[in-house]
Amino acid sequence: MITASPAPRTTPDTPQPLADWRQLWREAVTDAHELLALLELDHLAGELPAADAGFRLRVPRGFVARMRRGDRHDPLLLQVLPQLAELETAPGFTRDAVGDLDARTAPGVLHKYQGRALLIASGTCAINCRYCFRRHFPYAEELAAAQQWREALAYLRQEDSISELILSGGDPLALSTGKLAELSVGLVDTTHVRRIRIHSRLPVVLPERIEDSLLAWLDSLPQQKVVVLHANHANEFDHTVDAACTRLRACGATLLNQSVLLRGINDDVEAQVALSERMFAAGVLPYYLHQLDRVQGTAHFEVSDAKATALVEALRARLPGYLVPRLVREVAGDVGKQPL
Ligand SMILES: *Cc1c(COP(=O)(O)O)cnc(C)c1O
Ligand code: SF4
């Protein structure tokens, strides 16, 4: 059993224990050769693709520290290391796999599902996950809404069917807390928005982001708060992630996790059981297990539907119901995520 030591929010005699997150963000590893050297895998340098297929390697050092040295199959490494297989094309794998560009209702706003609007709050992430749809979207230019929040907010104000605002991206917690506060101030008179949901991988990959000013902002929100993390493997959790989760829960946020089913990374029963158990130890419940979006350059991560459904059946036999994630796929034009 892993016990998360509750991190004190502020106590006068403890110095701020966390390094500045922006500094850690800038210091992320962006050179594949350096990453391999850190992991004592220099001999694999010859297998790196010459080009990065337009999507740069990026991984915070704290996340690298959770990878096993000398293991080329490490489940965290495989999520971030550019592979030659990315350069292959596969039938059915396209650039806009989820039809997002058709669902835009105001700049930065995707309103596909009833009652919920998703705001592309930021175009950047602290980590670049090789399986991500984002690899083909220059969201920063296309959608990220920094200057356009006025229009997005006007839309939210006028659409009173929207009870939940989802901040997504990219990673919404990549924004400064001041920027996030501008958004929440803009929502003050929009009482039909009762919940704010934040989709973020930062509590897992850069837990230092969960610092006092962010928590003070979360605390100040009148809406209910849900934070949906993104972890794919139990090894992504360590004491720094536990501390971030404890702090988020202390300001009243419900913590959920979404993951992507990835071949060779988490596509077996033991890995999924360990992931659910480990996240629950951190106070997080599994939410979605996504079938991969069929995005060009990611075919080598795909798990067949037959294997995926058998896997979730096996999980039902092993875990309490609340630790079994819902297996879903995103289908363009559907009213919600499609259960499998
Ligand atoms: C996934 C998604 C949501 C949220 O769906 P839930 O089933 O409520 O988690 C909302 N809007 C868009 C555009 C989405 O892709
Ligand atoms: S953190 Fe999420 S949005 Fe960013 S690259 Fe990874 S999967 Fe994509």
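The values are calculated or read from the model by the stated rules, or taken from the named source; none is laboratory data. Bear in mind that the values here come from a model prediction, so they are computed numbers and not experimental data. Counting neighbours? That spans all protein chains shown, and the Cβs are built from the backbone with ideal geometry, glycine included. Accessible surface is based on the protein model in full, side chains and every heavy atom, while ligands, DNA and RNA are left aside. Shrake-Rupley method; radii C 1.70, N 1.55, O 1.52, S 1.80 Å.
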Pulled fully out, how much extra length does the chain show between H192 and E34, if you take 0.36 nm times their separation in residues and subtract their Cα-Cα distance? 52.0 nm
Considering only V185, V59, V260, give the residue with the highest GNM mean-square fluctuation for the chain, with springs between Cα atoms whenever their separation is below 10 Å. V185
On full extension of the chain, what length is gained from A332 through L87, given 0.36 nm per residue of separation minus the C-alpha to C-alpha distance? 85.7 nm
Can you tell which of I198, I127, I162 shows the greatest fluctuation in a Gaussian network model of the chain with Cα springs below 10 Å? I162
Relative to the Cα centre, what is the charge dipole magnitude of segment 145-263, using +1 at the beta carbon of each Lys and Arg, -1 at the beta carbon of each Asp and Glu, and rounding to the nearest 20 debye? 220 debye
Set the Förster radius R0 to 41 Å, insert the Cβ-Cβ distance between L285 and E47 as r into 1/(1 + (r/R0)^6), and round the FRET efficiency to 0.05. 0.60
Hey, rough spin-label estimate for E270 and S176, points 7 angstrom out along Cα→Cβ, what's it come to in nanometres? 4.8 nm
Using alpha-carbon positions, what is the distance between the centroids of segment 275-339 and segment 173-230, in Å? 25 Å
Rounded, prolate or oblate (a/c below 1.5 giving rounded, otherwise prolate when a/b exceeds b/c) for the chain by Cα gyration tensor: rounded
Let me spell out the model: positive unit charges on the Cβ of Lys and Arg, negative unit charges on the Cβ of Asp and Glu, origin at the Cα centre of the chain. What dipole size does that give, in debye rounded to 20? 660 debye
Please check: in the Gaussian network model of the chain (C-alpha springs, under 10 Å), which one of R135, R249, R69 has the largest mean-square fluctuation. R69
Write down the accessible area per residue of the chain in Å², having rolled a 1.4 Å probe over the full set of protein chains. 44 Å²
Cβ-placed point charges (K, R +1; D, E -1), dipole of segment 21-87 about Cα centre in debye, nearest 20: 380 debye
Could you order Y155, Y322 so the one with the most accessible surface comes first? Probe is 1.4 Å. Y322, Y155
For segment 21-87, the accessible surface attributable to carbon and sulfur atoms (probe 1.4 angstrom, ligands and nucleic acids excluded) amounts in percent to 51 percent
Need one word for segment 21-87: rounded, prolate or oblate. Basis is the Cα gyration tensor (sqrt eigenvalues a ≥ b ≥ c); a/c below 1.5 gives rounded, then a/b vs b/c decides. oblate
Antiparallel bridge percentage (DSSP; both residues within the chain; nearest 5): 20 percent
Could you order H239, H199 so the one with the most accessible surface comes first? Probe is 1.4 Å. H239, H199
The percentage of the accessible area of segment 243-340 (probe 1.4 Å, all protein chains present) made up of carbon and sulfur atoms, to the nearest whole number, is 54 percent
Expressed in nm to one decimal, what extension gain is obtained for the pair E277 and R150 from 0.36 nm per residue of sequence separation less their Cα-Cα distance? 41.5 nm
The FRET efficiency for R316 and D71, from their Cβ-Cβ distance with R0 = 25 Å and rounded to 0.05, is 0.25
Any lysines with Cα under 26 Å of the K179 Cα? List them, leaving off those in the same chain fewer than 8 positions away. K112, K225
